[in-house]
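Novice: Have a look at this one before I ask anything.
The values are calculated or read from the model by the stated rules, or taken from the named source; none is laboratory data. What you are looking at is a predicted structure, and each value in this text was computed from that prediction instead of being measured. Cβ placement follows ideal geometry from the backbone for every residue including glycine, while neighbour counts extend to all protein chains displayed. What goes into the accessible areas is simple: the full protein's heavy atoms, side chains included, and nothing from ligands, DNA or RNA. Shrake-Rupley method; radii C 1.70, N 1.55, O 1.52, S 1.80 Å.
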Amino acid sequence: MEKLLQELKAAYGEAAEFRDGQREAVQGVLDGKRMLVVQKTGWGKSLVYFLATKIIRKRSQGITLIISPLLALMNNQIAAADKLGLHVETINSENTDDWEAIHEELKNGCIDALIISPERLANDGFRGLLAEGSLQIGLFVVDEAHCISDWGHDFRPDYRRIVDIIQTLPSYIPVLATTATANDRVVEDIRRQLGEDLTVSRGSLMRESLEIQVVKPKTKEERLAWIADHMEELPGTGLIYCLTVSDCQLVHKWLQANRIASKCYYADIEADGTEKKAEIVSDFLENRIKVLVATVAFGMGFDKPDIGFVIHFQKPGNLVAYYQQIGRAGRGIDRAIAVLMQGEEDDRINNYFIDTAFPTEDLMVEIMKAVRENPDSGLRQADLERLINMKPTKIKACIKYLTVEKAIYKEGSCFRPTARPWKPDMEKSRKITEIRRNELCQVNDFANTKKCYMEYIAETLDDSHACGCGRCANCLDRQIISDFVEPDTLMRAQRFVRQDYNVIQPRRYWPLGVYVDERNRIQPEFSCEEGRVLSNYGSAGWGELIIQGKYGDNYFDDRLVEASAELLADFVEENEIKWVTAVPSLRRPELVPGFAKRLAERLQLPYTETIEKVEDTICQKELNTSFRQHRNAEASFGIKHVPEGNVLLVDDMVDSKWTFTVCGYKLRRQGSGKVFPFALANSAGRVGDR
């Protein structure tokens, strides 16, 4: 035991001491045990496996293989390992150029620990690396182990592959699973999967530094105003969590408008052409910004000791995730504030995530039918997108689920059926969905409880140490930060939300396998230009007027004309737009053209009916793949007389962008100038984006 303390002090200084349970956990790993460590956020779970790694490497044994769920967490872990003088690498989708060098280092025994995502276990190349013996594993670590459990708040099908790997490991190789968010049900499920000989180390989940408060400004405008009014009262740097990408972007832009230094972080931020994730994280770590606005893509295990506050712009789906997220704050400081807001849209968004968490039985049966009908040639995902009217993300989720269930397997780029009989176990899915709904009700109860907030969370996580914290708003019987909002700030927020708009980026390629003019890439001279959209569908601001106009009045209010004209005035002038046309509809023939005519008049431009609906095809929103949406749009529209000059192409909704893409292509082909799309609302279902 004394040797462990010496190693700790050598790395962190003579004042360093183990926290309760750390020394015992490290020793358990060194004794070759299979262990589950359930400890509060900030306790130092990564120290356990990195300190054990250092000692294992001194014994000239194998490397530590760490399964970690998030890229941000991987990079953070590498930084933590540096303090112990360990050489740690990661293989992930964003460092492909380094893979060959890392593989060579592995073969030469130069790497102490390798961090990978659970998805990497499905990669043929990496499985080959395991099979050929290049990886001599001395310690196997499963970080955020609640992801293994079907009952965990963040279950991931790929984590099931981990159990298969563990079962092939010799019994003398230690296995360490760590999490801060496992109740009794999850612990028992992990024990069932990792073995009955699993040793469970469990400590108190109470967080002494956190001060929790619930504020209830329900509209987005009120919540934005509260943030602007009270940001200076929040200590240090912090996080604002949003449920959707569009809300992340909205809050980020509002902070910038109020001269509050911020950055935005979500899963696909690099694909959107903005900053690199590493640069965003670096700005946050180095306190170059006050706020990082993020989805749950920035979450588990990230270690920045001086985070002073966490705000939830909307309620999360369950208290376990909430504890995980507020646990980012107050790790190395005495005081941090967690503020939970409630929004009108919270339950709608969370129920969407619950409803789409598992592939439905019908979808999986449809995938299996298609794969079984093509056993020899196999089917690529693109083939399935042509055959099945299902969103690509859902097809991908079904494929992942069926692969993990060993109902299908991947050979090259194609999927084929296994010989294993398969039928969906939807009873389990129904049970888990029911648990998720109960957990959402629990969050609502938490927001309205009169008892200690931290005690309520700890009891939910089956923590035997749960007790009153003495620091939260309920324990103090007063607000930690006032919920008052200045009327002027609220008015500014209301104007901001109404004026907020998105950019419509043009498509650059036709659907996979579709060739126009013998090319899959859309020729630049025939593609649309960057366009504009007034609002997000159903959002605060203009959302209600748009819905009422489309589905109630069959007429868009003049206020939408005025707002659109105000948004487009400079845009029209800068891009030398000379005329306006509209995307027609046989179902509502006057709705969009009527709006476009009034908009053209307000912009002092001529309006020309140049696009005609030639076939009453299925509504685009009923189609779920690019292949089908493009084919449907291609069959729907024809072009008559086309004036010269650049044109504003108007529609009420933009979703897949195939209607704009096809109509723009046909207009350019018939001799128009550049085509600039404009829509009243973006209905592109981004509620599902994290």
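Novice: If amide hydrogens are placed 1.01 Å from N in the peptide plane, which non-local residues have theirs closer than 5 Å to the one on ASN646?
Specialist: Hits under the 5 Å cutoff: LYS578, GLY673, LYS674.
Novice: Name the residues whose placed amide hydrogens come within less than 5 Å of the amide hydrogen of ALA582, ignoring near sequence neighbours (fewer than 5 apart) on the same chain.
Specialist: HN-HN under 5 Å from ALA582: THR610, ILE611, VAL650.
Novice: Considering all alpha-carbon pairs of segment 615-654, what whole percent are spaced by more than 16 angstrom?
Specialist: 51
Novice: Alpha carbon centre of segment 561-576 versus segment 507-530: separation in Å?
Specialist: About 27 Å separates the Cα centre of segment 561-576 from the one of segment 507-530.
Novice: Can I ask one more? Please compute the net charge surrounding LYS423, taking Lys and Arg as +1 and Asp and Glu as -1 over other residues with Cβ under 12 Å from its Cβ.
Specialist: Charge balance in the 12 Å sphere: -3.
Novice: Right, another one. Given only helices, namely DSSP H runs of n ≥ 4 each adding -39500 (n - 2.57), what is the per-residue ellipticity at 222 nm of the chain, to the nearest 500 deg cm²/dmol?
Specialist: It lands at -12000 deg cm²/dmol.
Novice: Could you pull out every residue, at least 5 positions away or on a different chain, whose amide H is within less than 5 Å of the one on GLY138? Hs are placed 1.01 Å off N in the peptide plane, and Pro or chain starts have none.
Specialist: For GLY138, whose amide H was placed from the backbone, the distant partners under 5 Å are GLY62, ILE63, THR64, LEU65.
Novice: Next up: Averaging sequence separations of C-alpha pairs under 8 Å and six or more residues apart, then dividing by the length of the chain, give the relative contact order as a whole percent.
Specialist: Once normalised by length, the contact order is 12 percent.
Novice: With a sphere of radius 15 Å drawn around the Cβ of THR608, what net charge do the other residues whose Cβ falls strictly inside it have (Lys, Arg +1; Asp, Glu -1)?
Specialist: Result for the local shell: +1.
Novice: Sequence gap at least 6, Cα distance under 8 Å: using those rules, report the relative contact order of segment 411-540 to the nearest whole percent.
Specialist: 15
Novice: Moving on. Around GLU566, under 11 Å between beta carbons, what's the net of Lys plus Arg minus Asp minus Glu among the other residues?
Specialist: +1
Novice: Less than 17 Å from a label point 7 Å out along the Cα-to-Cβ axis of ASP376: which backbone N atoms in segment 414-448 qualify, by residue?
Specialist: The answer is 415-417, whose backbone nitrogens lie closer than 17 Å to the label point.
Novice: Over the Cα atoms of segment 1-87, Rg to Rh with Kirkwood Rh, two decimal places?
Specialist: 0.93
Novice: Follow-up. Quick check for me: using +1 on Lys/Arg Cβ and -1 on Asp/Glu Cβ, what's the dipole size of segment 578-639 about its Cα centre, in debye to the nearest 20?
Specialist: That gives a dipole near 240 debye.
Novice: Okay, moving on. How large is ³J(HN,Hα), in whole Hz, for each residue of segment 447-463 in order, when computed from phi with the Karplus curve 6.51 cos²θ - 1.76 cosθ + 1.60 and θ = phi - 60°, using x for Gly and Pro?
Specialist: 3J(HN,Hα) across segment 447-463, in whole Hz: 5, 10, 5, 9, 8, 4, 5, 5, 5, 4, 5, 4, 5, 4, 8, 6, 7.
Novice: Can you run phi through the Karplus equation (6.51, -1.76, 1.60; θ = phi - 60°) for segment 53-61 and list ³J(HN,Hα) in whole Hz, with x for Gly and Pro?
Specialist: Computed from phi, the couplings for segment 53-61 are 4, 4, 6, 4, 5, 5, 7, 6, 9 Hz.
Novice: For the chain, give the percent of accessible area contributed by carbon and sulfur heavy atoms, probe 1.4 Å, rounded to a whole number.
Specialist: That share works out to 46 percent.
Novice: Take the alpha-carbon positions of the chain, form their convex hull, and give its projected area averaged over all directions (one quarter of the hull surface) in nm².
Specialist: Projected over every direction and averaged, the Cα hull of the chain covers 32.0 nm².
Novice: What accessible area per residue, rounded to a whole number of Å², is obtained for the chain using a probe radius of 1.4 Å?
Specialist: Per-residue accessible area for the chain comes out at 43 Å².
Novice: Relative to the present Cα-Cα distance, how much length would full extension add between ALA122 and ASN351 at 0.36 nm per residue of separation?
Specialist: 79.5 nm
Novice: Which three semi-axes in whole Å describe the equivalent ellipsoid of segment 497-633, each the square root of 5 times a Cα gyration tensor eigenvalue, listed largest first?
Specialist: In descending order, the three semi-axes are 26, 19, 16 Å.
Novice: For segment 420-491, take N as its residue count and report Rg(C-alpha) divided by 2.2 N^0.38 Å.
Specialist: Against the empirical 2.2 N^0.38 Å value, I get 1.75 for segment 420-491.
Novice: Over segment 48-120, what is the relative contact order in whole percent, taking alpha-carbon pairs under 8 Å and six or more residues apart?
Specialist: Normalised by residue count, the contact order of segment 48-120 is 45 percent.
Novice: Provide, in order from the shortest bin, the percent of all Cα-Cα pairs of segment 283-398 in each 10 Å bin, continuing until the bin that contains the maximum pair distance.
Specialist: 11, 30, 20, 19, 14, 5, 0
Novice: Related question: If DNA, RNA and ligands are ignored and the probe is 1.4 Å, what is the ranking of LYS428, LYS45 by accessible area, most exposed first?
Specialist: Output order, biggest surface exposure first: LYS428, LYS45.
Novice: Provide the percentage of antiparallel DSSP beta bridges, counting only those with both residues in the chain; round to the nearest 5.
Specialist: Percentage antiparallel, nearest 5: 15.
Novice: Now for a separate question. In the structure displayed, which of LYS220/LYS621; LYS253/LYS391; LYS400/LYS428; LYS263/LYS315 lie more than 24 Å apart, Cα to Cα?
Specialist: From LYS220/LYS621; LYS253/LYS391; LYS400/LYS428; LYS263/LYS315, over 24 Å: LYS220/LYS621; LYS253/LYS391.
Novice: If I take the Cα coordinates of segment 362-503 and project them onto the principal axes, what are the three extents in Å, biggest first?
Specialist: Rounded to whole Å, the extents work out to 69, 50, 24 Å.
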